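S.K.: Please see the structure below; I have some questions.
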Amino acid sequence: MAEPSETQERADARTFDRPERAMHATDLVSTPATDLVTRDPVTVSPQTPIAEAARLMRAERISCLPVVVAGAVVGILTVRDLTNRVLAEGRSSDAPVAEVMTADPVTLPSTALVADLLRLMLDRGISHVPIADDGRLVGLVTSTDLTRVQALSTDLLTYDIGATESVAEMVDVTRALPDLLVRLVGSRYPHAEVTRRVTDVADAVTRRLLALAEAELGPPPAPYVWAACGSQGRREQTGVTDQDNGLILDDTARPEHDVYFARLATIVSDGLAACGYEYCSGEMMATNAQWRQPLRVWREYFDRWIEHPDPKAQMLASVMFDLRPIAGDTSLFTGLQHDTLRRASANQIFVAHMISNSMLHAPPLTFLRGIATPRSGDHRNTVDLKLNGVIPIVDLGRLYALRGRLTPVNTRDRLLAAGESGVISQSGGRDLVEAYDVIATIRLEHQARRIEAGESATNFLNPKDLSDFEREHLREAFLVVRTMQSAIGQGTGMLR
């Protein structure tokens, strides 16, 4: 393999000048170069006139052309070559490409990893690498391709989100989110790590939208904290999500201040929707005046739900017990959470109602303990991995946290804390965590497969799409959840 010529297109320094642009080693190790390859790239022969090659590059909007003979890569022609070797030297545009191309360019095999590409580009100062096996061209990777993959790091996405100056720019950045989920799942990250990273992006979008809103509206007239609930609150967002949020205002806020906070909420909520976070169908958002209130009103809400736990109160309490502060004065939230947990856990009637609420969603099992699927309707022959998969465990985790006055909001953290604190037995907690891991992982892998296939992510899975091994583990996970629900219903599922 020959050393690259100085004119084998030098990498644009801006591509690599930011420390954050370096990918994490864990991402690099598991990412094959073929994931980035432009297959069947536009090519030319050594005899192609320079002018024809230049017109081809302009028409295809590409910065380089592999030069091939009988499928073998013998050179590469770049925009820089046209500048330095043709225009700067006054060479005739009728001359063949062979006179100005970089001959025998450095290549990598299709077995290379993204780490190899990055190292080669940085060490050699090049930005176009042909991928070739036994000399035959497989495809081409450019620094633009690499930058695109690098952008699939949550650190980079959040960095870029923080640098945006408009919602339109934010939309451009967050378009990478589905690919991020696919890459994280493909890299075999634990499901809790995947959903945490995906949620980190939503948090960054929210914070940036709040900053842009304040820049437009001026300083807030009173302190506030923006809090998320639902999957964002629990840091469990996947490829299918909407927005659930609220504004907790300082008690110094006056009624006339709501004009400001209503506008702020609208800017943020509309921005989230533009970035793919759908509006909540139940209007549990800060744009709804009910969820944009001073702290004293929020305390009244929780007091009323605890003292009068009707079905609506149970539903609202279930959602709002998952609140997590995103931006603002977090002290407004901390005291509310501790006081609410203390009062709710001490009210046995409320706890009993929450136990009943945790039974509303059951794992899909037949009488004979097989996996049950509907035989008709839009989702026939499928399992809803959200409503009948993770939600029953989310409900149990919330119940354990309430009973034990545990502050974690993430479901897995709640289950672990419940086992460690004695709210449930260690064996029961361990079984439930493992069941949750199985169901949540299968859900994410299903969504990733759909995204890779160019389809929208959903929570509906046909069990026949799983291997026998996966299907049996899913069935066993559902059995664990049913067992824990039965124990709760019989009063034996918690030790306190």
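The values are calculated or read from the model by the stated rules, or taken from the named source; none is laboratory data. Here the structure is a predicted model, which means the values were calculated and not measured. Heads up, the Cβs are rebuilt from the backbone with ideal geometry, glycines too, and the neighbour counts pull from every protein chain shown.
S.K.: Residues being outside any loop (DSSP other than H, G, I, E, B) and either closer than 16 Å to Arg234 by Cβ or in contact with a helix residue (DSSP H, G or I) (Cβ under 7 Å, 6 or more places away or on another chain) (or both): count how many of those fall in region 305-314.
M.R.: So the count comes out to 4.
S.K.: (1) surrounded by fewer than 23 Cβ atoms within 10 Å (Cβ to Cβ); (2) β-branched (Val, Ile, Thr); (3) touching a residue at least 60 places away in the same chain (Cβ under 8 Å); (4) under 20 Å from Arg324 (Cα atoms): which one isn't true of Thr195, the others all being true?
M.R.: So the condition that Thr195 fails would be (1).
S.K.: Which of the residues spanning region 331-349 are closer than 30 Å to Val205 by Cα and either loosely packed, with under 15 Cβ neighbours inside 10 Å or more than 26 Å from the chain's Cα centre (by Cα) (or both)?
M.R.: Residues satisfying the conditions are Ser331, Leu332, Thr334, Gly335, Leu336, Gln337, His338, Asp339, Thr340, Leu341.
S.K.: Which residue pairs have Cβ atoms closer than 8 Å, lie 6 or more positions apart in sequence or on different chains, and pair a first residue in region 162-174 that is closer than 23 Å to Thr238 by Cβ with a second residue that is of a type in the set (S, T, N, Q) and assigned to a loop (DSSP other than H, G, I, E, B)?
M.R.: Met170/Thr164; Val173/Thr164
S.K.: When you go through Ala253, Ala265 one by one, which is the residue that is under 21 Å from Thr330 (Cβ atoms) and either within 18 Å of the chain's Cα centre (by Cα) or part of a helix (DSSP H, G or I) (or both)?
M.R.: Matching residue, one of Ala253, Ala265: Ala265.
S.K.: Still on this model: Pairs, please: C-beta under 6 Å, at least 6 apart or cross-chain, first residue crowded, with 18+ Cβ neighbours inside 10 Å and in region 214-225, second part of a loop (DSSP other than H, G, I, E, B) and of a type outside the set (Val, Ile, Thr)?
M.R.: Val225/Asp329
S.K.: Scan region 390-414 and report the pairs whose first residue is without any contact (Cβ under 8 Å) to a residue 12 or more places away in the chain and whose second residue is part of a helix (DSSP H, G or I), with Cβ atoms within less than 7 Å and a gap of 6+ or a chain change.
M.R.: Going by the 7 Å Cβ cut-off, the qualifying pairs are Pro408/Ala401; Pro408/Arg414; Pro408/Ala417.
S.K.: Continuing with this model, one more query. What residue, of Ala265, Ala274, Ala352, is surrounded by fewer than 16 Cβ atoms within 10 Å (Cβ to Cβ), without any contact (Cβ under 8 Å) to a residue 40 or more places away in the chain, aliphatic (A, V, I, L, M) and assigned by TED's automatic domain parsing to the domain that holds Gly239?
M.R.: Ala352
S.K.: Can you tell me how many residues in region 19-68 are at pLDDT 75 or above and either surrounded by 12 or more Cβ atoms within 10 Å (Cβ to Cβ) or touching a Gly at 6+ places or on another chain (Cβ under 8 Å) (or both)?
M.R.: Residues in region 19-68 being at pLDDT 75 or above and either surrounded by 12 or more Cβ atoms within 10 Å (Cβ to Cβ) or touching a Gly at 6+ places or on another chain (Cβ under 8 Å) (or both): 32 in total.
S.K.: Is there a residue being touching a Lys or Arg at 6+ places or on another chain (Cβ under 7 Å), among the hydrophobic types (A, V, I, L, M, F, W, C) and part of a helix (DSSP H, G or I) anywhere in region 468-475?
M.R.: No; the residues of region 468-475 include none that is touching a Lys or Arg at 6+ places or on another chain (Cβ under 7 Å), among the hydrophobic types (A, V, I, L, M, F, W, C) and part of a helix (DSSP H, G or I).
S.K.: Okay, moving on. In the list Gly233, Gly246, Gly271, which residue meets the criterion of being over 19 Å from Val171 (Cβ atoms), part of a helix (DSSP H, G or I) and within 22 Å of the chain's Cα centre (by Cα)?
M.R.: Gly233
S.K.: Here's something else I'd like to know. From the set of residues in region 92-121 that are closer than 19 Å to Val74 by Cβ and loosely packed, with under 15 Cβ neighbours inside 10 Å, which is modelled with the lowest pLDDT?
M.R.: Ser110
S.K.: I'm trying to understand the selection: among the residues of region 122-142, which are within 17 Å of Ser63 (Cα to Cα) and either among the aromatic types (Phe, Trp, Tyr) or surrounded by fewer than 22 Cβ atoms within 10 Å (Cβ to Cβ) (or both)?
M.R.: Of everything in region 122-142, those that are within 17 Å of Ser63 (Cα to Cα) and either among the aromatic types (Phe, Trp, Tyr) or surrounded by fewer than 22 Cβ atoms within 10 Å (Cβ to Cβ) (or both) turn out to be Gly125, Gly139.
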